[in-house]
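A.B. asks: Structure incoming, see below.
The values are calculated or read from the model by the stated rules, or taken from the named source; none is laboratory data. These numbers come from a predicted model, not from an experiment. For neighbour counting, all protein chains shown are included, and Cβ atoms are generated from backbone atoms with ideal geometry for every residue, glycine included. Keep in mind that these areas ignore ligands, DNA and RNA; they rest on the heavy atoms of the full protein, side chains included. Shrake-Rupley method; radii C 1.70, N 1.55, O 1.52, S 1.80 Å.
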Amino acid sequence: MFYRAHVLVEMTSSSVALGAAQVKEQFEREIARAGLGNEVKVLETGSFGAALPSPFVVVYPDNVIYAPVNVRDVRRIVEEHLLKGRVVRELLFAGERGGGVTTFVPPSPLKKEKRVVLRNSGLIDPLNIEEYIARDGYLALAKVLTEMTPEEVIEVVKRSGLQGRGGAGFPTGLKWEFTRKAEGEEKYIVCNADEGEPGTFKDRLILEGDPHSVLEAMAIAGYAVGANMGYIYVRAEYPQSIRHLEVAITQAKERGLLGERILGTSFSFDVKIRRGAGAYVCGEETALLESIEGKRGEPRVKPPYPPQKGLWGKPTVINNVETLANIPPIILNGPDWFRSIGTPTCPGTKVFTLTGNVNNLGLVEVPMGITLRELVFEIGGGIRGGHGLKLVQTGGPSGGTMTPDLLDVPMAFDTLPRYNSALGSGALTVIDDTHCIVDIVKNFAEFFLHESCGKCTPCRVGGKRIVDILERISAGAGSPEDLEKLRYLGQHMKATAFCGLGQAAPNPLLRCLEFFREEFEVHVREKRCPQGVCTMRPKPQPKKTVRV
């Protein structure tokens, strides 16, 4: 059926929490009440990140954005815009341009954004495979199956310079090549969608807004390495992502894009979903494999690495959601196109999650090498409430701490380690100067203590001792010696913990002790919190012994 207009309603987990489902239902009711059911169709779409507040609504073909929209606004939009053709200016998204009607101009209203991974998010209905196909969806898969050998596919990915976007930054093409060359006929592709890093939700929004891009990439990876089965490991707390994936898998199978003899070729590939129980440690690749196999999620000893011995002891490729979403455009546009974005040593884009005390919250996709200053003050709109910047935690708690004097450092895998920081998963937690550094570090330490799997003593016991000392300091019962104990514990945890979780857990502590030593000293020597956040209860006095 032909519709003269489409109403796209953002339907992500975040927007649903803000009432998007009710907005969509109200649009359907009001459109039916106005007798427009055969003329206007309501569709779901994904997030448009930090560019637009949630929930947003886009009216096509007028390309008009309303944001944010609540249930009370819907009748007016239907009666004025959809029925009478008059834009409701008071409800328009103000945007950066201001003034007249702000139209929806792909790829993004944000000037410095470059959309590769998020190319379809906010533009298509993620529950309709036809809309993905209309934007060159599954064309890359058709190309590799009909025009390229597996070795040629791997070579293209290697030449592109694509690095893993889950945090480690390992070259994707090399990982595929190792798996291709590994002995054994049975191999697997695993998509890591666990995403347990606090402040990170990029993978969730990618899956909610463009699930087919991940499925297509997994099939391409399967063809390249010789695998016929893939698993998506996604946390059960992401019901919207799981629902969209289930629909996408069913649609792809119905059209011969997954399953037996894809597109009439001899290649077969299937995908199954495995729900995680929410353990942070299962973001570590070998703990993830243990969980898929039905075991307790604990890291394995490495080597052997997954490309040699992974899922059920078979060679396995494990790629992050964002990494996989880069694959189809690389195949279609070529490695040189991808290398033209970003930096020579770190090509492509990175999806960052802006959270904390910043004005514009959400996802933003920018070329690698952009500075922290540009991310926080241009794209992020600066610090909320006019406060000063205290620090930015890059890559989540396990990443690194960046202070205001490091705002001009390029954000890339090879530059941040020079400053004892890390790009990690792309989380950017912006913290203003009203926060107490002891309280910040204690919050991070409590998270790592809660999420420790308990397998190794440095993480299990060291994490508990760090929390105990920080609680003592924040209660006004700390001593100068406690600061040296914290440094000692942090350094030894970093050197001796079994897996990346325990090794990264002391990062914020050690960095903040380095940058904010004076604030720690005030807590332990003057027994006060400069920001007035800590309780600073008086130190308990020992009971006097009364002799009779």
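A.B. asks: Which numbered condition in (1) of a type in the set (A, V, I, L, M); (2) assigned to a loop (DSSP other than H, G, I, E, B); (3) buried (at least 19 other Cβ atoms within 10 Å of the Cβ) is the only one that V301 fails?
C.D. replies: Exception for V301: condition (3).
A.B. asks: Under 8 Å between Cβ atoms, which residue pairs at least 6 apart in sequence (or on different chains) link something in the stretch 509-529 that is of a type in the set (A, V, I, L, M) with a partner that is surrounded by fewer than 17 Cβ atoms within 10 Å (Cβ to Cβ)?
C.D. replies: From residues that are of a type in the set (A, V, I, L, M), the pairs are L510/R487; L510/Q491; L513/R487; V522/R528; V522/P530; V524/S479; V524/P480.
A.B. asks: On to the next question. Might you let me know whether the stretch 301-321 holds any residue that is under 20 Å from L52 (Cβ atoms) and among the aliphatic types (A, V, I, L, M)?
C.D. replies: Applying the first criterion (under 20 Å from L52 (Cβ atoms)) to the stretch 301-321 yields none.
Looking through the stretch 301-321, none of the residues is under 20 Å from L52 (Cβ atoms) and among the aliphatic types (A, V, I, L, M).
A.B. asks: A further question on this structure: Tally time: how many residues in the stretch 112-130 are over 16 Å from S47 (Cα atoms) and either free of Cβ contacts under 8 Å to residues at least 40 places away in the same chain or among the aliphatic types (A, V, I, L, M) (or both)?
C.D. replies: Total meeting the criteria: 2.
A.B. asks: Kindly provide the set of residues from the stretch 321-341 that are surrounded by 22 or more Cβ atoms within 10 Å (Cβ to Cβ) and either under 18 Å from the mean Cα position of the chain (by Cα) or not hydrophobic (A, V, I, L, M, F, W, C) (or both), ordered by number.
C.D. replies: The first filter runs over the stretch 321-341 and keeps only residues surrounded by 22 or more Cβ atoms within 10 Å (Cβ to Cβ), leaving 321-328, 330-331, 338.
Answer for the stretch 321-341, where residues must be surrounded by 22 or more Cβ atoms within 10 Å (Cβ to Cβ) and either under 18 Å from the mean Cα position of the chain (by Cα) or not hydrophobic (A, V, I, L, M, F, W, C) (or both): V321, E322, T323, L324, A325, N326, I327, P328.
A.B. asks: Look at E246 and say whether it is of a type in the set (D, E), surrounded by fewer than 16 Cβ atoms within 10 Å (Cβ to Cβ) and touching a residue at least 24 places away in the same chain (Cβ under 8 Å).
C.D. replies: Values: of a type in the set (D, E): yes; surrounded by fewer than 16 Cβ atoms within 10 Å (Cβ to Cβ): yes; touching a residue at least 24 places away in the same chain (Cβ under 8 Å): yes.
Yes, satisfied.
A.B. asks: Condition first: buried (at least 24 other Cβ atoms within 10 Å of the Cβ) and among the β-branched types (V, I, T). Now tell me which residues in the stretch 389-406 satisfy that.
C.D. replies: If the condition is that a residue be buried (at least 24 other Cβ atoms within 10 Å of the Cβ) and among the β-branched types (V, I, T), then V392, T394, T401 are the ones that fit.
A.B. asks: Write out, first by first residue and then by second, each pair whose Cβ atoms fall under 6 Å of each other, whose residues are 6+ apart or on separate chains, and whose first residue, in the stretch 432-452, is under 22 Å from G382 (Cβ atoms) while the second is assigned to a helix (DSSP H, G or I).
C.D. replies: What qualifies is I437/C512; I437/E519.
A.B. asks: Filter the stretch 358-401 down to residues that are under 24 Å from L513 (Cα atoms), modelled with pLDDT of 90 or more and out of contact with any Lys or Arg (no Cβ under 7 Å at 6 or more places or on another chain), then give me how many there are.
C.D. replies: 12
Yes/no matrix, rows are residues, columns are (1) among the β-branched types (V, I, T); (2) out of contact with any helix residue (DSSP H, G or I) (no Cβ under 7 Å at 6 or more places or on another chain); (3) open to solvent by 10 Å² or more (accessible area, probe 1.4 Å); (4) free of Cβ contacts under 8 Å to residues at least 24 places away in the same chain:
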residue	(1), (2), (3), (4)
A5	no, no, no, no
E10	no, no, no, no
E25	no, yes, yes, yes
A34	no, no, yes, no
F48	no, yes, no, no
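A.B. asks: Filter the stretch 271-294 down to residues that are of a type outside the set (G, A, S) and farther than 17 Å from W312 by Cα and give me whichever is surrounded by the fewest Cβ atoms within 10 Å (Cβ to Cβ). Walk me through it before giving the result.
C.D. replies: Initially, the stretch 271-294 is screened for residues of a type outside the set (G, A, S), giving 271-275, 280-282, 284-286, 288-290, 292-293.
Filter once more, keeping what is farther than 17 Å from W312 by Cα: 275, 280-281.
On the way: R275: 15, Y280: 24, V281: 26.
Looking at residues that are of a type outside the set (G, A, S) and farther than 17 Å from W312 by Cα, I get R275.
A.B. asks: Continuing with the same structure: If a residue has to be crowded, with 19+ Cβ neighbours inside 10 Å and either acidic (D, E) or without any contact (Cβ under 8 Å) to a residue 12 or more places away in the chain (or both) to count, how many in the stretch 360-388 make the cut?
C.D. replies: Qualifying residue count for the region: 1.
A.B. asks: Quick one: is N357 closer than 30 Å to E183 by Cα, touching a helix residue (DSSP H, G or I) at 6+ places or on another chain (Cβ under 8 Å) and crowded, with 19+ Cβ neighbours inside 10 Å? Step through it out loud before you land on a result.
C.D. replies: Details: closer than 30 Å to E183 by Cα: no; touching a helix residue (DSSP H, G or I) at 6+ places or on another chain (Cβ under 8 Å): yes; crowded, with 19+ Cβ neighbours inside 10 Å: yes.
For N357, the condition - closer than 30 Å to E183 by Cα, touching a helix residue (DSSP H, G or I) at 6+ places or on another chain (Cβ under 8 Å) and crowded, with 19+ Cβ neighbours inside 10 Å - is not met.
A.B. asks: Determine, yes or no, whether T349 is closer than 20 Å to I206 by Cβ, touching a strand residue (DSSP E or B) at 6+ places or on another chain (Cβ under 6 Å), open to solvent by less than 30 Å² (accessible area, probe 1.4 Å) and hydroxyl-bearing (S, T, Y).
C.D. replies: Working: closer than 20 Å to I206 by Cβ: yes; touching a strand residue (DSSP E or B) at 6+ places or on another chain (Cβ under 6 Å): yes; open to solvent by less than 30 Å² (accessible area, probe 1.4 Å): yes; hydroxyl-bearing (S, T, Y): yes.
Taking the combined requirement at face value, the residue satisfies it.
A.B. asks: Would it be correct to say that R418 is charged (D, E, K, R), modelled with pLDDT of 90 or more and more than 28 Å from R159 (Cα to Cα)?
C.D. replies: Working: charged (D, E, K, R): yes; modelled with pLDDT of 90 or more: yes; more than 28 Å from R159 (Cα to Cα): no.
The answer is no for R418.
A.B. asks: Right, here's the next one. Which count do you get for residues in the stretch 407-447 that are open to solvent by 20 Å² or more (accessible area, probe 1.4 Å), more than 22 Å from D468 (Cβ to Cβ) and touching a helix residue (DSSP H, G or I) at 6+ places or on another chain (Cβ under 9 Å)?
C.D. replies: Step one: filter the stretch 407-447 for residues open to solvent by 20 Å² or more (accessible area, probe 1.4 Å), giving 408, 410, 413-414, 417-420, 422, 429, 433-435, 439, 442-444, 446-447.
Still in the list and also more than 22 Å from D468 (Cβ to Cβ): 408, 410, 413-414, 417-420, 422, 429, 433-434.
Among the residues that remain, those that are also touching a helix residue (DSSP H, G or I) at 6+ places or on another chain (Cβ under 9 Å) are: 408, 410, 419-420, 422, 434.
Residues in the stretch 407-447 being open to solvent by 20 Å² or more (accessible area, probe 1.4 Å), more than 22 Å from D468 (Cβ to Cβ) and touching a helix residue (DSSP H, G or I) at 6+ places or on another chain (Cβ under 9 Å): 6 in total.
A.B. asks: List, please: which pairs have Cβ atoms under 7 Å, are six or more places apart or on different chains, and start with a residue in the stretch 322-340 that is over 20 Å from L423 (Cβ atoms) and end with one that is of a type in the set (A, V, I, L, M, F, W, C) and outside any helix (DSSP H, G or I)?
C.D. replies: Listed pairs, sorted by first residue: P329/V116.
A.B. asks: Identify the single condition in (1) open to solvent by less than 80 Å² (accessible area, probe 1.4 Å); (2) in contact with a helix residue (DSSP H, G or I) (Cβ under 7 Å, 6 or more places away or on another chain); (3) not small (G, A, S) that H492 does not satisfy, given that it satisfies every other one.
C.D. replies: Only one criterion in (1) open to solvent by less than 80 Å² (accessible area, probe 1.4 Å); (2) in contact with a helix residue (DSSP H, G or I) (Cβ under 7 Å, 6 or more places away or on another chain); (3) not small (G, A, S) is unmet by H492, namely (1).
A.B. asks: Here's something else I'd like to know. Could you list, in sequence order, all residues of the stretch 154-175 that are part of a helix (DSSP H, G or I) and of a type in the set (D, E, K, R)? Steps first, please.
C.D. replies: Residues of the stretch 154-175 that are part of a helix (DSSP H, G or I), as a first pass: 154-160, 172-175.
Listed by number, the residues that qualify are E155, K158, R159, K175.
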